[in-house]
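Taking it in order: structure first as C-alpha coordinates, then the write-up.
The values are calculated or read from the model by the stated rules, or taken from the named source; none is laboratory data. As the structure is a prediction and not an experimental result, all values here were calculated from the model. Glycine gets a Cβ as well: all are built from the backbone with ideal geometry, and neighbour counts include every protein chain shown.
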Amino acid sequence: MTEAQTLINEASPPSITPKRLKSLQKLGVLCGFAAGAWLGAAEAPTKLVSIGVSPLVISFMMVLGVFLARWSVPALLQGMSQVREDVRKAPHLMLWGILAGCLWAVANTLTIFAIRNIGLSIAFPLWNSNSLLGILWGFLLFNELRNAGRLRWLGVLGGATLMFVGGVLLAAASSVQAQGHAMLGIAGALGAGVLWGTMYIPYRKAYLTGMSPLSFITFFAIGELGMITALAIVYTGGIHSLWQQLVLSQGVLFWLVLGGVMWAIGDIFQQYAAKYIGISRGIPLSNTNQLWGLLWGILVFAELRGASRTIHFEVIGGSVLMALGAGAVAASSATEKEHSRWKDAAQRETLRYNLDQDYVLARMAGEAGARQKRTLLDWLLAGVSTAVILAFALMAEIPKAEPHWGAMAALLAAMFVLLAISGLALWRATRFT
(Lines give C-alpha, C1' and ligand atoms only; values in the text may rest on other atoms or scores of the structure.)
Protein backbone atom coordinates (compact mmCIF):
# COMPACT_ATOMS: atom_id res chain seq x y z
CA MET A 1 0.00 0.00 0.00
CA THR A 2 1.41 3.42 -0.98
CA GLU A 3 1.89 6.23 1.50
CA ALA A 4 -0.73 8.33 -0.30
CA GLN A 5 -3.29 5.51 -0.11
CA THR A 6 -2.53 5.05 3.58
CA LEU A 7 -3.19 8.74 4.18
CA ILE A 8 -6.46 8.50 2.25
CA ASN A 9 -7.63 5.52 4.29
CA GLU A 10 -6.67 7.10 7.61
CA ALA A 11 -8.24 10.46 6.79
CA SER A 12 -11.35 9.13 5.06
CA PRO A 13 -14.50 10.55 6.68
CA PRO A 14 -17.69 8.48 7.08
CA SER A 15 -19.76 7.67 4.00
CA ILE A 16 -23.04 9.28 2.99
CA THR A 17 -25.96 7.27 4.38
CA PRO A 18 -27.75 4.94 1.91
CA LYS A 19 -31.00 6.88 2.33
CA ARG A 20 -29.32 10.20 1.57
CA LEU A 21 -27.44 8.71 -1.38
CA LYS A 22 -30.69 7.40 -2.90
CA SER A 23 -32.38 10.76 -2.39
CA LEU A 24 -29.53 12.66 -4.08
CA GLN A 25 -29.52 10.28 -7.04
CA LYS A 26 -33.25 10.79 -7.58
CA LEU A 27 -32.62 14.52 -7.40
CA GLY A 28 -29.84 14.23 -9.98
CA VAL A 29 -32.13 12.34 -12.37
CA LEU A 30 -34.84 15.00 -12.02
CA CYS A 31 -32.28 17.74 -12.70
CA GLY A 32 -31.12 15.84 -15.79
CA PHE A 33 -34.64 15.87 -17.25
CA ALA A 34 -35.05 19.59 -16.49
CA ALA A 35 -31.67 20.28 -18.10
CA GLY A 36 -32.76 18.45 -21.26
CA ALA A 37 -35.87 20.58 -21.62
CA TRP A 38 -34.13 23.93 -21.23
CA LEU A 39 -30.97 23.06 -23.17
CA GLY A 40 -33.15 21.79 -26.01
CA ALA A 41 -35.17 24.99 -26.22
CA ALA A 42 -32.12 27.23 -26.00
CA GLU A 43 -30.93 26.29 -29.49
CA ALA A 44 -34.21 27.34 -31.14
CA PRO A 45 -33.09 30.99 -31.63
CA THR A 46 -30.15 29.78 -33.72
CA LYS A 47 -32.68 29.15 -36.48
CA LEU A 48 -32.09 32.84 -37.20
CA VAL A 49 -29.04 31.83 -39.24
CA SER A 50 -31.53 31.20 -42.04
CA ILE A 51 -32.17 34.94 -42.36
CA GLY A 52 -28.52 35.86 -42.80
CA VAL A 53 -27.27 36.63 -39.28
CA SER A 54 -23.61 35.67 -38.89
CA PRO A 55 -23.01 32.48 -36.87
CA LEU A 56 -20.34 34.35 -34.86
CA VAL A 57 -22.83 37.09 -33.98
CA ILE A 58 -25.37 34.49 -32.91
CA SER A 59 -22.86 32.66 -30.74
CA PHE A 60 -21.51 35.91 -29.24
CA MET A 61 -24.96 37.15 -28.25
CA MET A 62 -26.00 33.79 -26.86
CA VAL A 63 -22.88 33.70 -24.70
CA LEU A 64 -23.62 37.25 -23.54
CA GLY A 65 -27.03 36.02 -22.39
CA VAL A 66 -25.41 33.05 -20.69
CA PHE A 67 -22.94 35.37 -18.95
CA LEU A 68 -25.69 37.62 -17.62
CA ALA A 69 -27.60 34.64 -16.24
CA ARG A 70 -24.55 32.87 -14.80
CA TRP A 71 -23.79 35.87 -12.57
CA SER A 72 -27.28 37.09 -11.68
CA VAL A 73 -28.90 33.72 -10.90
CA PRO A 74 -26.23 32.66 -8.35
CA ALA A 75 -26.42 36.13 -6.79
CA LEU A 76 -30.16 35.71 -6.25
CA LEU A 77 -30.16 32.05 -5.19
CA GLN A 78 -27.17 31.93 -2.85
CA GLY A 79 -25.41 35.30 -2.82
CA MET A 80 -21.92 36.19 -4.00
CA SER A 81 -20.62 35.80 -0.45
CA GLN A 82 -21.07 32.05 -0.94
CA VAL A 83 -19.01 32.26 -4.12
CA ARG A 84 -16.22 33.95 -2.18
CA GLU A 85 -16.40 31.23 0.48
CA ASP A 86 -16.13 28.47 -2.12
CA VAL A 87 -13.15 30.19 -3.72
CA ARG A 88 -11.46 30.48 -0.33
CA LYS A 89 -11.92 26.74 0.22
CA ALA A 90 -10.93 25.59 -3.30
CA PRO A 91 -9.17 28.43 -5.20
CA HIS A 92 -7.73 26.10 -7.88
CA LEU A 93 -11.22 25.53 -9.27
CA MET A 94 -11.39 29.09 -10.62
CA LEU A 95 -8.90 28.17 -13.37
CA TRP A 96 -10.71 24.92 -14.13
CA GLY A 97 -13.97 26.82 -14.43
CA ILE A 98 -12.47 29.36 -16.85
CA LEU A 99 -10.98 26.53 -18.96
CA ALA A 100 -14.34 24.76 -19.13
CA GLY A 101 -15.96 28.02 -20.24
CA CYS A 102 -13.46 28.42 -23.08
CA LEU A 103 -14.23 24.92 -24.35
CA TRP A 104 -17.95 25.60 -24.15
CA ALA A 105 -17.70 28.79 -26.20
CA VAL A 106 -15.85 27.10 -29.06
CA ALA A 107 -18.26 24.15 -29.03
CA ASN A 108 -21.30 26.42 -29.07
CA THR A 109 -19.92 28.25 -32.11
CA LEU A 110 -19.52 24.94 -33.92
CA THR A 111 -23.16 24.09 -33.23
CA ILE A 112 -24.27 27.23 -35.07
CA PHE A 113 -22.51 26.06 -38.23
CA ALA A 114 -23.94 22.57 -37.74
CA ILE A 115 -27.52 23.85 -37.45
CA ARG A 116 -27.11 26.04 -40.52
CA ASN A 117 -25.94 23.09 -42.63
CA ILE A 118 -27.93 20.10 -41.39
CA GLY A 119 -30.80 21.51 -39.31
CA LEU A 120 -31.68 21.59 -35.63
CA SER A 121 -33.43 18.22 -35.39
CA ILE A 122 -30.45 16.41 -36.96
CA ALA A 123 -27.54 18.33 -35.42
CA PHE A 124 -28.72 17.89 -31.84
CA PRO A 125 -28.19 14.14 -31.52
CA LEU A 126 -24.87 14.24 -33.36
CA TRP A 127 -23.21 16.63 -30.93
CA ASN A 128 -24.71 14.64 -28.07
CA SER A 129 -21.98 12.11 -28.75
CA ASN A 130 -20.45 13.97 -25.79
CA SER A 131 -22.25 11.34 -23.67
CA LEU A 132 -19.74 8.74 -24.78
CA LEU A 133 -16.82 10.91 -23.75
CA GLY A 134 -18.52 11.65 -20.46
CA ILE A 135 -18.72 7.92 -19.74
CA LEU A 136 -15.06 7.45 -20.68
CA TRP A 137 -13.73 10.33 -18.58
CA GLY A 138 -15.94 9.42 -15.65
CA PHE A 139 -14.53 5.89 -15.62
CA LEU A 140 -10.88 6.75 -16.26
CA LEU A 141 -10.49 9.80 -14.06
CA PHE A 142 -13.14 9.76 -11.34
CA ASN A 143 -13.83 6.08 -10.52
CA GLU A 144 -17.34 6.15 -11.93
CA LEU A 145 -18.71 2.69 -12.77
CA ARG A 146 -15.99 1.07 -10.66
CA ASN A 147 -17.53 -1.78 -8.61
CA ALA A 148 -20.82 -1.03 -10.37
CA GLY A 149 -21.74 -4.65 -11.12
CA ARG A 150 -22.51 -6.45 -14.37
CA LEU A 151 -26.05 -5.18 -14.80
CA ARG A 152 -24.99 -1.55 -14.56
CA TRP A 153 -22.10 -2.13 -16.93
CA LEU A 154 -24.56 -3.78 -19.32
CA GLY A 155 -26.81 -0.74 -19.06
CA VAL A 156 -23.95 1.60 -19.86
CA LEU A 157 -22.51 -0.43 -22.74
CA GLY A 158 -25.94 -1.27 -24.16
CA GLY A 159 -26.96 2.37 -23.93
CA ALA A 160 -23.76 3.46 -25.68
CA THR A 161 -24.46 1.00 -28.49
CA LEU A 162 -27.99 2.34 -28.98
CA MET A 163 -26.61 5.87 -29.08
CA PHE A 164 -24.10 4.87 -31.75
CA VAL A 165 -26.77 3.24 -33.93
CA GLY A 166 -28.99 6.30 -33.54
CA GLY A 167 -26.11 8.54 -34.57
CA VAL A 168 -25.54 6.47 -37.73
CA LEU A 169 -29.22 6.87 -38.70
CA LEU A 170 -29.08 10.60 -38.17
CA ALA A 171 -25.88 10.96 -40.17
CA ALA A 172 -27.53 9.08 -43.03
CA ALA A 173 -30.56 11.38 -42.84
CA SER A 174 -28.41 14.51 -42.79
CA SER A 175 -26.60 13.53 -45.97
CA VAL A 176 -29.99 13.68 -47.76
CA GLN A 177 -31.70 16.51 -45.88
CA ALA A 178 -28.84 19.03 -46.04
CA GLN A 179 -28.21 20.96 -49.23
CA GLY A 180 -24.60 20.46 -50.26
CA HIS A 181 -22.89 20.98 -46.90
CA ALA A 182 -23.78 17.79 -45.01
CA MET A 183 -20.20 16.82 -44.14
CA LEU A 184 -19.42 20.32 -42.85
CA GLY A 185 -22.48 20.20 -40.62
CA ILE A 186 -21.64 16.71 -39.37
CA ALA A 187 -18.06 17.75 -38.62
CA GLY A 188 -19.24 20.81 -36.71
CA ALA A 189 -21.73 18.81 -34.62
CA LEU A 190 -19.26 16.04 -33.80
CA GLY A 191 -16.52 18.58 -33.01
CA ALA A 192 -18.85 20.29 -30.57
CA GLY A 193 -19.53 16.91 -28.98
CA VAL A 194 -15.82 16.27 -28.45
CA LEU A 195 -15.25 19.67 -26.84
CA TRP A 196 -18.32 19.41 -24.62
CA GLY A 197 -17.36 15.87 -23.61
CA THR A 198 -13.92 17.08 -22.51
CA MET A 199 -15.45 20.07 -20.73
CA TYR A 200 -17.05 17.74 -18.19
CA ILE A 201 -13.66 16.93 -16.64
CA PRO A 202 -13.53 20.31 -14.84
CA TYR A 203 -17.18 19.82 -13.86
CA ARG A 204 -16.45 16.60 -12.01
CA LYS A 205 -13.28 17.93 -10.41
CA ALA A 206 -15.28 20.82 -9.02
CA TYR A 207 -18.09 18.74 -7.56
CA LEU A 208 -15.90 16.01 -6.12
CA THR A 209 -14.07 18.66 -4.14
CA GLY A 210 -17.08 20.49 -2.82
CA MET A 211 -17.68 23.63 -4.88
CA SER A 212 -21.30 24.62 -5.37
CA PRO A 213 -22.47 24.52 -9.02
CA LEU A 214 -23.71 28.09 -8.63
CA SER A 215 -20.20 29.17 -7.65
CA PHE A 216 -18.46 27.18 -10.38
CA ILE A 217 -20.53 28.63 -13.21
CA THR A 218 -19.57 32.21 -12.35
CA PHE A 219 -15.96 31.46 -13.35
CA PHE A 220 -17.16 29.28 -16.19
CA ALA A 221 -18.90 32.38 -17.56
CA ILE A 222 -15.65 34.36 -17.61
CA GLY A 223 -14.02 31.75 -19.86
CA GLU A 224 -17.08 31.64 -22.12
CA LEU A 225 -17.34 35.37 -22.70
CA GLY A 226 -13.60 35.88 -23.07
CA MET A 227 -13.19 33.10 -25.63
CA ILE A 228 -16.23 33.96 -27.75
CA THR A 229 -15.27 37.64 -27.78
CA ALA A 230 -11.82 36.73 -29.09
CA LEU A 231 -13.30 34.40 -31.72
CA ALA A 232 -15.86 36.95 -32.86
CA ILE A 233 -13.30 39.75 -33.19
CA VAL A 234 -10.83 37.60 -35.13
CA TYR A 235 -13.28 35.93 -37.50
CA THR A 236 -15.43 38.97 -38.25
CA GLY A 237 -12.40 41.09 -39.15
CA GLY A 238 -11.94 43.23 -36.03
CA ILE A 239 -13.88 45.10 -33.37
CA HIS A 240 -15.31 47.64 -35.82
CA SER A 241 -16.59 44.92 -38.14
CA LEU A 242 -18.15 43.01 -35.23
CA TRP A 243 -19.86 46.17 -34.01
CA GLN A 244 -21.26 46.85 -37.48
CA GLN A 245 -22.72 43.35 -37.68
CA LEU A 246 -24.27 43.76 -34.23
CA VAL A 247 -25.87 47.06 -35.26
CA LEU A 248 -27.23 45.55 -38.47
CA SER A 249 -28.71 42.64 -36.49
CA GLN A 250 -30.04 44.68 -33.56
CA GLY A 251 -33.65 43.65 -34.19
CA VAL A 252 -32.92 39.98 -33.40
CA LEU A 253 -30.26 40.35 -30.69
CA PHE A 254 -32.81 40.05 -27.88
CA TRP A 255 -33.91 36.59 -29.05
CA LEU A 256 -30.31 35.40 -29.06
CA VAL A 257 -29.67 36.78 -25.57
CA LEU A 258 -32.87 35.09 -24.43
CA GLY A 259 -31.63 31.81 -25.90
CA GLY A 260 -28.43 32.22 -23.88
CA VAL A 261 -30.41 32.80 -20.68
CA MET A 262 -32.43 29.65 -21.36
CA TRP A 263 -29.23 27.71 -21.98
CA ALA A 264 -27.77 28.95 -18.69
CA ILE A 265 -30.84 27.75 -16.79
CA GLY A 266 -30.61 24.34 -18.43
CA ASP A 267 -26.90 24.13 -17.72
CA ILE A 268 -27.45 24.89 -14.02
CA PHE A 269 -29.63 21.80 -13.80
CA GLN A 270 -27.05 19.86 -15.82
CA GLN A 271 -24.37 20.87 -13.32
CA TYR A 272 -26.44 19.51 -10.43
CA ALA A 273 -27.07 16.29 -12.35
CA ALA A 274 -23.33 15.89 -12.91
CA LYS A 275 -22.71 16.54 -9.22
CA TYR A 276 -25.17 14.07 -7.76
CA ILE A 277 -25.18 11.20 -10.28
CA GLY A 278 -21.81 11.72 -12.00
CA ILE A 279 -20.91 12.69 -15.55
CA SER A 280 -21.25 9.12 -16.87
CA ARG A 281 -24.95 9.24 -15.98
CA GLY A 282 -25.84 12.92 -15.65
CA ILE A 283 -24.61 13.96 -19.08
CA PRO A 284 -26.47 11.26 -21.04
CA LEU A 285 -29.63 12.08 -19.10
CA SER A 286 -29.39 15.81 -19.80
CA ASN A 287 -28.88 14.87 -23.43
CA THR A 288 -32.59 14.18 -23.63
CA ASN A 289 -32.35 17.71 -25.04
CA GLN A 290 -32.11 15.93 -28.40
CA LEU A 291 -35.77 14.97 -28.10
CA TRP A 292 -36.72 18.52 -27.16
CA GLY A 293 -34.62 19.75 -30.08
CA LEU A 294 -36.46 17.32 -32.33
CA LEU A 295 -39.82 18.64 -31.08
CA TRP A 296 -38.77 22.26 -31.61
CA GLY A 297 -37.36 21.51 -35.04
CA ILE A 298 -40.35 19.53 -36.32
CA LEU A 299 -43.34 21.02 -34.48
CA VAL A 300 -42.30 24.67 -34.23
CA PHE A 301 -40.06 25.21 -37.28
CA ALA A 302 -41.40 22.45 -39.58
CA GLU A 303 -37.88 21.34 -40.51
CA LEU A 304 -38.94 18.05 -42.06
CA ARG A 305 -41.93 19.38 -44.01
CA GLY A 306 -42.01 17.68 -47.39
CA ALA A 307 -39.35 15.11 -46.48
CA SER A 308 -39.83 11.48 -47.45
CA ARG A 309 -40.98 8.77 -45.07
CA THR A 310 -37.46 7.36 -45.06
CA ILE A 311 -36.01 10.64 -43.79
CA HIS A 312 -38.68 10.84 -41.10
CA PHE A 313 -37.89 7.29 -40.04
CA GLU A 314 -34.16 7.94 -39.85
CA VAL A 315 -34.45 11.19 -37.89
CA ILE A 316 -37.16 10.11 -35.46
CA GLY A 317 -35.88 6.53 -35.15
CA GLY A 318 -32.32 7.71 -34.63
CA SER A 319 -33.35 10.21 -31.98
CA VAL A 320 -35.46 7.64 -30.13
CA LEU A 321 -32.62 5.11 -30.15
CA MET A 322 -30.16 7.65 -28.81
CA ALA A 323 -32.62 8.72 -26.11
CA LEU A 324 -33.23 5.09 -25.10
CA GLY A 325 -29.50 4.57 -24.90
CA ALA A 326 -29.05 7.61 -22.70
CA GLY A 327 -31.92 6.43 -20.52
CA ALA A 328 -30.34 3.01 -20.08
CA VAL A 329 -27.10 4.62 -18.94
CA ALA A 330 -28.87 6.99 -16.57
CA ALA A 331 -31.02 4.20 -15.08
CA SER A 332 -27.89 2.35 -13.96
CA SER A 333 -27.73 4.22 -10.65
CA ALA A 334 -24.59 4.08 -8.51
CA THR A 335 -24.45 1.47 -5.76
CA GLU A 336 -22.92 2.07 -2.34
CA LYS A 337 -19.80 0.18 -3.47
CA GLU A 338 -19.41 2.39 -6.52
CA HIS A 339 -20.05 5.52 -4.48
CA SER A 340 -17.22 4.52 -2.15
CA ARG A 341 -14.94 4.68 -5.19
CA TRP A 342 -16.25 8.19 -5.92
CA LYS A 343 -15.21 9.06 -2.38
CA ASP A 344 -11.73 7.68 -3.08
CA ALA A 345 -11.48 10.04 -6.07
CA ALA A 346 -12.64 12.91 -3.87
CA GLN A 347 -10.02 12.06 -1.24
CA ARG A 348 -7.35 12.03 -3.95
CA GLU A 349 -8.38 15.53 -4.98
CA THR A 350 -8.50 16.58 -1.32
CA LEU A 351 -4.90 15.54 -0.76
CA ARG A 352 -3.71 16.94 -4.09
CA TYR A 353 -5.04 20.43 -3.38
CA ASN A 354 -4.86 20.36 0.44
CA LEU A 355 -8.59 20.87 0.94
CA ASP A 356 -10.76 20.70 4.04
CA GLN A 357 -12.07 17.12 4.24
CA ASP A 358 -15.18 17.96 6.23
CA TYR A 359 -16.10 20.63 3.68
CA VAL A 360 -15.63 18.18 0.79
CA LEU A 361 -17.75 15.45 2.36
CA ALA A 362 -20.51 17.84 3.41
CA ARG A 363 -20.80 19.23 -0.10
CA MET A 364 -20.76 15.77 -1.68
CA ALA A 365 -23.75 14.99 0.56
CA GLY A 366 -25.51 18.19 -0.54
CA GLU A 367 -25.38 19.70 2.93
CA ALA A 368 -25.71 23.48 3.05
CA GLY A 369 -23.37 25.60 5.13
CA ALA A 370 -24.30 28.73 7.01
CA ARG A 371 -26.96 30.67 5.13
CA GLN A 372 -25.57 33.81 3.51
CA LYS A 373 -27.49 37.09 3.41
CA ARG A 374 -27.97 38.94 0.14
CA THR A 375 -25.86 42.05 -0.16
CA LEU A 376 -26.07 45.20 -2.23
CA LEU A 377 -23.70 43.57 -4.74
CA ASP A 378 -26.13 40.68 -5.27
CA TRP A 379 -29.06 42.98 -6.04
CA LEU A 380 -26.82 45.16 -8.22
CA LEU A 381 -25.76 42.18 -10.36
CA ALA A 382 -29.35 41.05 -10.78
CA GLY A 383 -30.50 44.58 -11.57
CA VAL A 384 -27.80 45.28 -14.16
CA SER A 385 -28.41 41.95 -15.91
CA THR A 386 -32.14 42.59 -16.04
CA ALA A 387 -31.60 46.12 -17.39
CA VAL A 388 -29.31 44.86 -20.17
CA ILE A 389 -31.83 42.20 -21.22
CA LEU A 390 -34.67 44.74 -21.19
CA ALA A 391 -32.58 47.12 -23.32
CA PHE A 392 -32.23 44.44 -25.99
CA ALA A 393 -35.96 43.66 -25.65
CA LEU A 394 -36.82 47.28 -26.51
CA MET A 395 -34.92 46.89 -29.80
CA ALA A 396 -36.45 43.50 -30.61
CA GLU A 397 -38.38 42.75 -33.76
CA ILE A 398 -40.52 39.71 -34.47
CA PRO A 399 -38.25 37.29 -36.38
CA LYS A 400 -39.00 36.70 -40.03
CA ALA A 401 -39.12 32.99 -39.36
CA GLU A 402 -42.70 31.71 -39.10
CA PRO A 403 -42.88 29.28 -36.16
CA HIS A 404 -46.00 27.42 -35.07
CA TRP A 405 -47.02 29.51 -32.06
CA GLY A 406 -49.38 26.92 -30.55
CA ALA A 407 -46.69 24.24 -30.44
CA MET A 408 -44.21 26.76 -29.05
CA ALA A 409 -46.58 27.69 -26.22
CA ALA A 410 -47.11 24.03 -25.30
CA LEU A 411 -43.37 23.32 -25.18
CA LEU A 412 -42.69 26.43 -23.10
CA ALA A 413 -45.42 25.45 -20.62
CA ALA A 414 -43.85 22.00 -20.17
CA MET A 415 -40.43 23.58 -19.61
CA PHE A 416 -41.68 25.87 -16.87
CA VAL A 417 -43.42 23.01 -15.10
CA LEU A 418 -40.12 21.11 -15.02
CA LEU A 419 -38.33 24.26 -13.86
CA ALA A 420 -40.70 24.69 -10.92
CA ILE A 421 -40.63 21.06 -9.84
CA SER A 422 -36.86 20.65 -10.11
CA GLY A 423 -36.03 24.02 -8.57
CA LEU A 424 -38.24 23.34 -5.56
CA ALA A 425 -36.74 19.86 -5.11
CA LEU A 426 -33.21 21.29 -5.21
CA TRP A 427 -34.06 23.95 -2.64
CA ARG A 428 -35.67 21.50 -0.24
CA ALA A 429 -32.92 18.88 -0.48
CA THR A 430 -29.74 20.95 -0.75
CA ARG A 431 -30.49 24.70 -0.55
CA PHE A 432 -28.75 24.83 -3.97
CA THR A 433 -25.38 23.60 -2.66
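Residue under question is A346, and the condition is that it be within 21 Å of G134 (Cβ to Cβ), under 26 Å from the mean Cα position of the chain (by Cα) and modelled with pLDDT of 85 or more; does it hold? Break it down into steps so the answer makes sense when it comes.
Values: within 21 Å of G134 (Cβ to Cβ): yes; under 26 Å from the mean Cα position of the chain (by Cα): yes; modelled with pLDDT of 85 or more: yes.
Taking the combined requirement at face value, the residue satisfies it.
Please list, ordered by residue number, the helices (runs of 4 or more DSSP H) wholly in the range 331-418 having 2 or more residues that are within 21 Å of P45 (Cα to Cα).
Numbers: elements: 336-353, 357-364, 376-395.
The qualifying helices (runs of 4 or more DSSP H) are 376-395.
What are the residue pairs meeting all of these: first residue in the range 43-59, first residue closer than 16 Å to V106 by Cβ, second residue aromatic (F, W, Y) and modelled with pLDDT of 75 or more, Cβ atoms under 7 Å, and 6 or more apart or on different chains?
Pairs found: P55/F113; L56/Y235.
Restricting attention to the range 256-263, does a residue exist that is of a type outside the set (A, V, I, L, M), out of contact with any Pro (no Cβ under 6 Å at 6 or more places or on another chain) and free of Cβ contacts under 8 Å to residues at least 24 places away in the same chain?
Looking only at the range 256-263, we keep the residues that are of a type outside the set (A, V, I, L, M), and these are 259-260, 263.
Filter again for out of contact with any Pro (no Cβ under 6 Å at 6 or more places or on another chain), leaving 260, 263.
So of that shortlist, the ones also free of Cβ contacts under 8 Å to residues at least 24 places away in the same chain come out as none.
Within the range 256-263, not a single residue is of a type outside the set (A, V, I, L, M), out of contact with any Pro (no Cβ under 6 Å at 6 or more places or on another chain) and free of Cβ contacts under 8 Å to residues at least 24 places away in the same chain.
For the range 308-315, does any single residue satisfy the condition of being surrounded by 18 or more Cβ atoms within 10 Å (Cβ to Cβ) and touching a residue at least 40 places away in the same chain (Cβ under 8 Å)? Step through it out loud before you land on a result.
Of the range 308-315, the ones surrounded by 18 or more Cβ atoms within 10 Å (Cβ to Cβ) are 314-315.
Now drop any that are not touching a residue at least 40 places away in the same chain (Cβ under 8 Å), which leaves 314-315.
Within the range 308-315 (the criterion being surrounded by 18 or more Cβ atoms within 10 Å (Cβ to Cβ) and touching a residue at least 40 places away in the same chain (Cβ under 8 Å)), the answer is yes, since at least one residue qualifies.
Counting residues that are modelled with pLDDT of 80 or more and surrounded by fewer than 23 Cβ atoms within 10 Å (Cβ to Cβ), which helices (runs of 4 or more DSSP H) fully inside the range 53-163 reach at least 3? Explain how you work it out, then say what you get.
Numbers: elements: 55-77, 80-89, 93-118, 120-127, 130-142.
Passing ranges, in order: 55-77, 80-89, 93-118, 130-142.
Could you list all residues from the range 276-306 that are surrounded by 17 or more Cβ atoms within 10 Å (Cβ to Cβ), among the small types (G, A, S) and farther than 30 Å from W342 by Cα?
G293, G297
Inside the range 215-305, counting only helices (runs of 4 or more DSSP H) that do not spill past its ends, which hold 3 or more residues that are under 29 Å from L381 (Cβ atoms) and aliphatic (A, V, I, L, M)? Give the steps one after another, and end with the answer.
Values: elements: 239-248, 253-277, 279-286, 289-295.
Here the list reads 239-248, 253-277.
Over 24 Å from L64 (Cα atoms) and not aliphatic (A, V, I, L, M) - does that describe any residue in the range 378-392? Before you say what the answer is, go through the steps one by one.
Kept after step one, since they are over 24 Å from L64 (Cα atoms), are these residues of the range 378-392: none.
So far as the range 378-392 goes, no, none of its residues is over 24 Å from L64 (Cα atoms) and not aliphatic (A, V, I, L, M).
Please verify whether G327 is assigned to a helix (DSSP H, G or I) and under 30 Å from H339 (Cα atoms), treating the condition exactly as stated. Before you say what the answer is, go through the steps one by one.
On the way: assigned to a helix (DSSP H, G or I): yes; under 30 Å from H339 (Cα atoms): yes.
So G327 passes the test.
With the checklist (1) of a type in the set (A, V, I, L, M); (2) at pLDDT below 90; (3) closer than 22 Å to P284 by Cα in hand, flag the one item A37 doesn't pass.
Going through the list (1) of a type in the set (A, V, I, L, M); (2) at pLDDT below 90; (3) closer than 22 Å to P284 by Cα, A37 breaks only (2).
Search the range 164-187 for residues being of a type in the set (S, T, N, Q) and surrounded by 20 or more Cβ atoms within 10 Å (Cβ to Cβ), and hand back the single one that is modelled with the lowest pLDDT. Spell out how you get there, then give the answer.
First, the residues of the range 164-187 that are of a type in the set (S, T, N, Q): 174-175, 177, 179.
Now narrow it down to the ones that are surrounded by 20 or more Cβ atoms within 10 Å (Cβ to Cβ): 174, 177.
On the way: S174: 56, Q177: 49.
Among those that are of a type in the set (S, T, N, Q) and surrounded by 20 or more Cβ atoms within 10 Å (Cβ to Cβ), it is Q177.
With I233, I279, I265 as the choices, which residue is touching a Gly at 6+ places or on another chain (Cβ under 9 Å) and not hydroxyl-bearing (S, T, Y)? Give the steps one after another, and end with the answer.
Details: I233 fails: touching a Gly at 6+ places or on another chain (Cβ under 9 Å); I265 fails: touching a Gly at 6+ places or on another chain (Cβ under 9 Å).
When all the criteria are applied, what remains is I279.
For the range 368-390, indicate whether the set of residues that are loosely packed, with under 13 Cβ neighbours inside 10 Å and farther than 20 Å from V83 by Cβ is non-empty.
Looking for residues that are loosely packed, with under 13 Cβ neighbours inside 10 Å and farther than 20 Å from V83 by Cβ, one finds at least one in the range 368-390, hence yes.
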